[in-house]
1. Exactly one condition in (1) at pLDDT 95 or above; (2) over 16 Å from Gln23 (Cα atoms) is false for Ser108; which is it?
2. Which residue, of Val8, Val84, Val40, Val97, is touching an Asp or Glu at 6+ places or on another chain (Cβ under 6 Å) and of a type outside the set (Ser, Thr, Tyr)?
3. Name the single residue that is nearest to Lys7 (Cα to Cα) among those in segment 74-105 being among the aromatic types (Phe, Trp, Tyr) and at pLDDT 95 or above.
4. Just to be sure I understand, how many residues within segment 34-73 are closer than 14 Å to Pro2 by Cβ and of a type outside the set (Val, Ile, Thr)?
5. Go through segment 66-105 and report how many residues are closer than 18 Å to Ser19 by Cα, open to solvent by 40 Å² or more (accessible area, probe 1.4 Å) and touching a strand residue (DSSP E or B) at 6+ places or on another chain (Cβ under 8 Å).
6. Test of understanding: among Val40, Val62, which residue is at negative phi, open to solvent by 30 Å² or more (accessible area, probe 1.4 Å), under 13 Å from the mean Cα position of the chain (by Cα) and touching a residue at least 24 places away in the same chain (Cβ under 8 Å)?
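The values are calculated or read from the model by the stated rules, or taken from the named source; none is laboratory data. Treat the numbers as computed from the prediction; the structure is a model and nothing was measured. We place every Cβ from the backbone using ideal geometry, glycine too, and count neighbours over all the protein chains shown. Surface areas here come from the heavy atoms of the whole protein model, side chains and all, with no ligands, DNA or RNA. Shrake-Rupley method; radii C 1.70, N 1.55, O 1.52, S 1.80 Å.
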Amino acid sequence: MPLITAKVSTDITKEKEISLKSQFGTAIELIGKSESWLMVEFQDNCRLYFKGDDAPAAMLEVDLFGKASDSGYDALTEKLTEIVEKELGIPKGRIYVKYSEIDHWGYSGFNF
């Protein structure tokens, strides 16, 4: 049950959104999860200041039920930043990725 939230300072067209969603769905496999349980949230045109300016930037947040390995997180960070750089033109050096491991996650009226 991962959730990826992408806050970006640029516009995301519907075409780019679908492409990002699909690529995130493949990338999440790097930490042993599947697209069938992945939820993705996009927040575009955010006012983000990073390193003192408002040049294009992104904040990606990955909430995960359970845990993943450090090497899995390393691989996922590399892949997610690569995807965002390719699709939205935001340089890797202007992208943060934050991970949160969740012990309790509710779905369909019950908790895992």
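1. The one condition Ser108 does not meet is (1).
2. Val8
3. Filtering first and then ranking leaves Tyr96.
4. Of all residues in segment 34-73, those closer than 14 Å to Pro2 by Cβ come to 34-41, 60-68, 72-73.
With the extra rule that they be of a type outside the set (Val, Ile, Thr), the set shrinks to 34-39, 41, 60-61, 63-68, 72-73.
Residues flagged as closer than 14 Å to Pro2 by Cβ and of a type outside the set (Val, Ile, Thr) within segment 34-73 amount to 17.
5. Number satisfying all stated conditions: 2.
6. Answer to the check: Val40.
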